[in-house]
1. Among Ser109, Ser163, Ser89, determine the one that fluctuates most according to a GNM of the chain built with springs between C-alpha atoms less than 10 Å apart.
2. Under 5 Å between amide hydrogens, which residues at least 5 positions from Leu145 or on another chain qualify, with H placed 1.01 Å from N in the peptide plane?
3. Determine which aspartates and glutamates satisfy two conditions relative to Lys141: a Cα distance under 13 Å, and not lying fewer than 8 residues away in the same chain.
4. Using θ = phi - 60° and the Karplus form 6.51 cos²θ - 1.76 cosθ + 1.60, what ³J(HN,Hα) does each residue of the range 97-110 get, whole Hz, x for Gly and Pro?
5. Check cross-link reach from Lys131 to the lysines: straight Cα distance under 26 Å, and skip same-chain residues fewer than eight apart.
6. Once amide H atoms are built 1.01 Å from N in the peptide plane, which residues 5 or more positions from Ile36, or in another chain, come under 5 Å H to H?
7. Can you give the Rg to Rh ratio of the range 91-186, both from alpha-carbon atoms, with Rh computed by the Kirkwood formula?
8. Report relative contact order for the chain in percent, whole number only (criteria: Cα-Cα under 8 Å, sequence separation at least 6).
Amino acid sequence: MIRDEFTVIAGRALRLHQGVESLDVGAVRPSPVGPIVEWKAPLLSPDRQRRPLPGGGHVLGAPAGPDILGVLVRYTACRWRQGPPHAPSTWAEDLAFRHPAIFPFPPSSHAGWSWLWQAGAEMIEEYGIPKGFKTVDTKEKFGSLRWHTEANGDDRHADNVISCIDHLSSFVCEYCGAPGLLRKGS
């Protein structure tokens, strides 16, 4: 079940990335942070996805495929850490209490994205919170998560993790955390 969920979300999140066809999702092994999905993708481009602009040029799109998969591994570990997924009604307050340097206020979304917020907070803390880092806004907009931050120091890692979380939220149900898709319309 964990492997299947990971595979569905990865397939949707990476559908436009070069080399995605080489993705091989292997075993799921226990770890202190939760069940870790092992994957290989020898042909997956390590570059950010670039989209062509009308009239020429490119704009940066989704984060690099391997980075997305790394964050998806942690999301999956957080989601399945305590057994079958269940987010208590106090998840947002609990998350702000456990990670006060990341969330000075509870994140604003439904419980299905609680594991995305948690994965991001854990990954940022493990790498090292950038100097002057602070979350200034969290919300849902156009069916995706938005996490706005400020920092005085080098925040490339935190920014990349947050970009991956924002991207993955388009493929995760905001209400339950299962694989999802953006719907057309309101």
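1. Answer for the Gaussian network model of the chain: Ser89.
2. Residues meeting the amide H criterion: Ser169, Ser170.
3. Straight-distance partners of Lys141: Asp166, Glu174.
4. 5, 6, 10, x, 6, 9, 10, x, 8, x, x, 10, 5, 7
5. List returned: Lys139.
6. Under 5 Å from the amide H of Ile36: Arg29, Ser31.
7. Values: Rg = 12.9 Å, Rh = 13.4 Å.
Looking at the range 91-186, the ratio lands at 0.96.
8. On the way: 325 pairs, mean separation 36.0, N = 186.
Once normalised by length, the contact order is 19 percent.
Read-outs throughout are calculated quantities, based only on the coordinates presented, and are distinct from any laboratory measurement. Since the structure is predicted, the reported quantities are computational estimates derived from the model, not experimental observations. Please note: Cβ atoms are built from the backbone with ideal geometry, for glycine as well, and neighbour counts cover all protein chains shown.
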